[in-house]
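Q: First the structure, then my questions, so here it is.
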Amino acid sequence: MSNEKKNSNNSNNSSLPLVIIGLVLIAAIGGGWWLYNKNSTSSKSGNTAVANRAANTARTPPPNAPIGAQPPNLLGSPNAVVTVEEFADFQCPTCGVMHPKMKELTSIYGSRIKFIFRNYPLAIPAHDKAYDAAVAAEAAGLQGRFWDMQNLLFTNQAAWSSNPDYRKVWEEYASKIGLDVEKFKNDMAGLNAKSRVDADLQRGRALNLSSTPSIFINGVSIPFEQMNIETMRQIIDAELQKGQSNQQGQTTSGAPTSAAPTQSNTAANSAPKK
Amino acid sequence: MSDAGEEEVLTEQSDNKIARLPLLAALVALVGLGDAIYLTIHHYTGEKVPCSVTGGCEAVLNSSYAEIGGIPLAAFGAAAYFIAFSLAVLAAFGNRLMWKLFGFQVTVMAIFSVYLLYVQKYEIREFCQYCLLSAAVCVTLFAIALFSRFWRS
């Protein structure tokens, strides 16, 4: 009798853990499915994570790549031997994370580098306002305040991205940085700002960029895991040193030689120097 | 290591009671499972995760370390937590071999978590709060397994 009871308890015990495991598996799959549907419908995004992930292979841009918007949005010295060229999307969260780092870099190096910001709004549903945001930044640039608008767009990315009345928000930014708001609105609708964005886009496409941010230092693509201050400083320092020794070599030998960096495989250098 | 501690943890099976440490481990593994599923889903939907504590989630989750062979690391994590949970549940009901396997698995997971912490600190230089939670869960599971080994041994 007691043996029978024990056996029955044992058989209950042997199946109970499997039942628990099965229930948790069902709950995990069901919960995951619910979360997936919830996120897909609420954000209408599908590709941000994939789109933002930097392709880590170093690219060799074609020598005849379009030169992008002219003059480019540039910080530092146009004659610097090191060119840092960033392609970014104002709705890309990673670009927002990179923004303060790039600001830090430009403030560290000042006129020792040439920093070029390129618009590369990704044409994906989750970035439905990215192109317009790039146009807004360029429209501000037509009044000489590109960097102020660029800064506001990145630092307030979450606020305007989720606001259906985002253009009003940008007009507030325009007013805040002292723009003629009417001119700003006209420039946003006009062709000048758009053509600058399109020129940057063409350049990015020629470099086969599929993700943002994409950063080139003297034409060499920086893998995402190297997009931190220290690593980029090391690269820039090495390039500065290389540039310095090249200049010394030229002054001592009296003639430019093959030691000069090749122009054909550099993305940023193919932009004409001002 | 001696099995004395492990026996102590699982002796309650003979009385048809559920062993407490494996049960605790199963509950902790559920936290890790939920965290990993959340990150896996966000990886595929691409929606920005709230990141008010550490601020570096996007950088970490969009980094090249967040995927292995095109599969999000979080998906591997979810599978690992589910296996750990299953082993702990089976151990809670008296299967000693499962508890041994659990101990081996969470040791590997804890070591991998330490590596991921290193990557966040020194390679990406940003921290993701969900990844930190996962690391805490792994370390807790490892501590439970270790505790059961040395308990009264």
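Q: Could you tell me whether region A:134-151 includes any residue that is outside any helix (DSSP H, G or I), out of contact with any Cys (no Cβ under 8 Å at 6 or more places or on another chain) and more than 23 Å from A:ASP180 (Cβ to Cβ)?
A: No.
Condition check ((1) of a type outside the set (Lys, Arg); (2) touching a residue at least 12 places away in the same chain (Cβ under 8 Å); (3) within 14 Å of another protein chain (Cβ to nearest Cβ)) across all residues:
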site	(1), (2), (3)
A:PRO63	yes, yes, no
A:ALA69	yes, yes, no
A:PRO72	yes, yes, no
A:ASN79	yes, yes, no
A:PHE87	yes, yes, no
A:GLN91	yes, yes, yes
A:LYS101	no, yes, yes
A:SER111	yes, yes, no
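Q: From A:PRO125, A:PRO223, which residue is over 24 Å from A:GLU104 (Cβ atoms) and at pLDDT below 95? Lay out the reasoning, then the answer.
A: Working: A:PRO223 fails: over 24 Å from A:GLU104 (Cβ atoms).
Matching residue, one of A:PRO125, A:PRO223: A:PRO125.
Q: Take the residues in region A:218-248 that are surrounded by 14 or more Cβ atoms within 10 Å (Cβ to Cβ), within 13 Å of A:VAL82 (Cα to Cα) and among the charged types (D, E, K, R), then tell me which one is farthest from the other protein chains (Cβ to nearest Cβ). Lay out the reasoning, then the answer.
A: Initially, region A:218-248 is screened for residues surrounded by 14 or more Cβ atoms within 10 Å (Cβ to Cβ), giving A:218-229, A:231-233, A:235-236, A:239-240, A:242-243, A:246.
Okay, now just the ones that are also within 13 Å of A:VAL82 (Cα to Cα), so A:218-220, A:232-233, A:235-236, A:239-240, A:242-243, A:246.
From what is left, the residues that are among the charged types (D, E, K, R) are A:233, A:239, A:242.
On the way: A:ARG233: 12, A:GLU239: 21, A:LYS242: 25 Å.
Of everything passing the filter in region A:218-248, A:LYS242 is farthest from the other protein chains (Cβ to nearest Cβ).
Listed here are the residues, each with its yes/no results for (1) at pLDDT 90 or above; (2) part of a helix (DSSP H, G or I); (3) touching a Gly at 6+ places or on another chain (Cβ under 8 Å).
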{"position": "A:SER42", "(1), (2), (3)": "no, yes, no"}
{"position": "A:ASN64", "(1), (2), (3)": "no, no, no"}
{"position": "A:LEU75", "(1), (2), (3)": "yes, no, no"}
{"position": "A:GLU86", "(1), (2), (3)": "yes, no, no"}
{"position": "A:HIS99", "(1), (2), (3)": "yes, yes, no"}
{"position": "A:GLY110", "(1), (2), (3)": "no, yes, yes"}
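Q: Report yes if some residue within region B:98-116 is surrounded by fewer than 20 Cβ atoms within 10 Å (Cβ to Cβ), within 10 Å of chain A (Cβ to nearest Cβ), within 30 Å of A:MET232 (Cβ to Cβ) and of a type in the set (Phe, Trp, Tyr); otherwise report no.
A: no
Q: Moving on. State which residue is surrounded by the fewest Cβ atoms within 10 Å (Cβ to Cβ) when the search covers only region A:59-90 and only residues that are among the polar types (S, T, N, Q) and closer than 18 Å to A:ILE215 by Cβ.
A: The residue in question is A:THR60.
The values are calculated or read from the model by the stated rules, or taken from the named source; none is laboratory data. Predicted model, so just to flag it, every value in this text is computed and none were measured. Neighbour counts are summed over all protein chains in view; Cβ atoms, including those assigned to glycine, are modelled from backbone coordinates with ideal geometry.
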